[in-house]
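The values are calculated or read from the model by the stated rules, or taken from the named source; none is laboratory data. Owing to the predicted nature of the structure, the values given are computational and were not obtained by experimental measurement. Note that we place each Cβ from the backbone using ideal geometry, even for glycine, and neighbour counts take in every protein chain shown.
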Amino acid sequence: MTVLVTPTTRTMFFDAIKRQTMSPTLGRIAFVASDNVDAICAHDRLSQRYGNVAPEQSDVVVALGGDGMMLQTLHRHLNDRIPIFGMNRGSLGFLMNNYEEDGLIERLQQAELSVIHPLRMVAIDSSGVSHEALAINEVSLFRQTHQAAKLRLSIDGHVRLPELVSDGVLVATPAGSTAYNLSVNGPILPLGAPLLALTPISSFRPRRWRGAVLPNSAQIKIEVLEPEKRPVSVVANHREFRNISEVVVREMPEVDIRLLFDRGHALGERVLTEQFQC
């Protein structure tokens, strides 16, 4: 896949990945935890040590759990512009920092801020009902039965692939490009790059199509061909809608999601590291 990089695109890219540092005025912390025992115990200890306020009254939210808990917390505060710092008390932790109880205030004061933008999905089902959802990592379409899905892909109103026969297809953000997108051989996108990944899932026809890298301004339309014979569902992170006939996806640059990471371990660095894993 070839991406055209113009001087303007290059400037946008480097401006977007400049690291930011949190102000040292943080004080009010809201601790939230998943329902596993380790996360709940950590929540109780940290709340006793540092205090705990409601998220709407806080300067920062500290999420305790795994990546699933982090995604849930980000969804709850999509429009609040509250920075969120995760500490790993779960099984997966790509979006999380290491769990340490000592020196938390200092870590928060020195943390690096990564700003990402979600995808907005509008799906129409076979009854004509419209469903909307936001996705931080990806929007994925899957076949519902033993038969492969048949899909038509359009970009900005132009049909680019008249028929894709596959198990499905997904649209991933740079932040989500190292998640499910990577597991189906999609490209890793540098954090802050003005790009989206459009990746097939177990493509059967055309066999050689491996997906596309698109500008993040693109509007992606996916139409389900033969929806009654070959039903398809769509998932936007943790929300699923079934028997879909059409899906439209675009990035929402007006919505900022603010993640905090320990200095030297920001999300952009993690994404870069993933590209050199053997």
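Considering every residue within region 253-267, establish whether at least one is crowded, with 17+ Cβ neighbours inside 10 Å, within 16 Å of Ile124 (Cβ to Cβ) and of a type in the set (A, V, I, L, M, F, W, C).
No; the residues of region 253-267 include none that is crowded, with 17+ Cβ neighbours inside 10 Å, within 16 Å of Ile124 (Cβ to Cβ) and of a type in the set (A, V, I, L, M, F, W, C).
Scan region 256-278 for residues that are among the aromatic types (Phe, Trp, Tyr) and in a loop (DSSP other than H, G, I, E, B) and report the count.
So in region 256-278, the residues among the aromatic types (Phe, Trp, Tyr) come out as 261, 276.
Then keep just the ones that are in a loop (DSSP other than H, G, I, E, B); that gives 276.
Adding up the residues that qualify gives 1.
Out of Val213, Val235, I need the residue that is in a strand (DSSP E or B), under 19 Å from Leu161 (Cα atoms) and not assigned by TED's automatic domain parsing to the domain that holds Leu78. Which one? Give the derivation first.
On the way: Val235 fails: under 19 Å from Leu161 (Cα atoms).
Selected residue: Val213, the only one of Val213, Val235 that is in a strand (DSSP E or B), under 19 Å from Leu161 (Cα atoms) and not assigned by TED's automatic domain parsing to the domain that holds Leu78.
What are the residues in region 116-130 that are part of a strand (DSSP E or B) and modelled with pLDDT of 95 or more, if any?
Pass one, region 116-130, residues part of a strand (DSSP E or B): 116, 119-125, 130.
Scanning region 116-130 gives Leu119, Arg120, Met121, Val122, Ala123, Ile124, Asp125, Ser130.
So, in region 23-57, exactly how many residues are closer than 17 Å to Ile105 by Cβ and either surrounded by 21 or more Cβ atoms within 10 Å (Cβ to Cβ) or aliphatic (A, V, I, L, M) (or both)?
Residues in region 23-57 being closer than 17 Å to Ile105 by Cβ and either surrounded by 21 or more Cβ atoms within 10 Å (Cβ to Cβ) or aliphatic (A, V, I, L, M) (or both): 7 in total.
Scan region 185-204 and tell me whether some residue there is assigned to a loop (DSSP other than H, G, I, E, B), at pLDDT 90 or above, within 19 Å of Leu92 (Cβ to Cβ) and assigned by TED's automatic domain parsing to the domain that holds Glu106. Can you show your working first?
If we filter region 185-204 for residues that are assigned to a loop (DSSP other than H, G, I, E, B), which is where we start, we get 185-194, 202-204.
Now restrict to residues that are at pLDDT 90 or above: 185-189, 194, 202-204.
Keeping just the survivors that are within 19 Å of Leu92 (Cβ to Cβ) gives 186, 188.
Next cut, assigned by TED's automatic domain parsing to the domain that holds Glu106 only: none.
Looking through region 185-204, none of the residues is assigned to a loop (DSSP other than H, G, I, E, B), at pLDDT 90 or above, within 19 Å of Leu92 (Cβ to Cβ) and assigned by TED's automatic domain parsing to the domain that holds Glu106.
Out of Pro227, Pro253, report the one residue that is under 14 Å from the mean Cα position of the chain (by Cα), part of a loop (DSSP other than H, G, I, E, B) and at pLDDT 90 or above. Walk me through how you get there before you give the answer.
On the way: Pro227 fails: under 14 Å from the mean Cα position of the chain (by Cα).
The match here is Pro253.
When you scan region 126-139, how many residues do you find that are touching a residue at least 24 places away in the same chain (Cβ under 8 Å), acidic (Asp, Glu) and surrounded by fewer than 19 Cβ atoms within 10 Å (Cβ to Cβ)?
Number of matching residues: 0.
How many residues does region 167-188 hold that are surrounded by fewer than 21 Cβ atoms within 10 Å (Cβ to Cβ) and not hydrophobic (A, V, I, L, M, F, W, C)?
Final tally of qualifying residues: 5.
Within region 189-213, which residues are touching a strand residue (DSSP E or B) at 6+ places or on another chain (Cβ under 6 Å), buried (at least 21 other Cβ atoms within 10 Å of the Cβ) and farther than 14 Å from Val171 by Cα?
Hit for region 189-213 is Ser203, nothing else.
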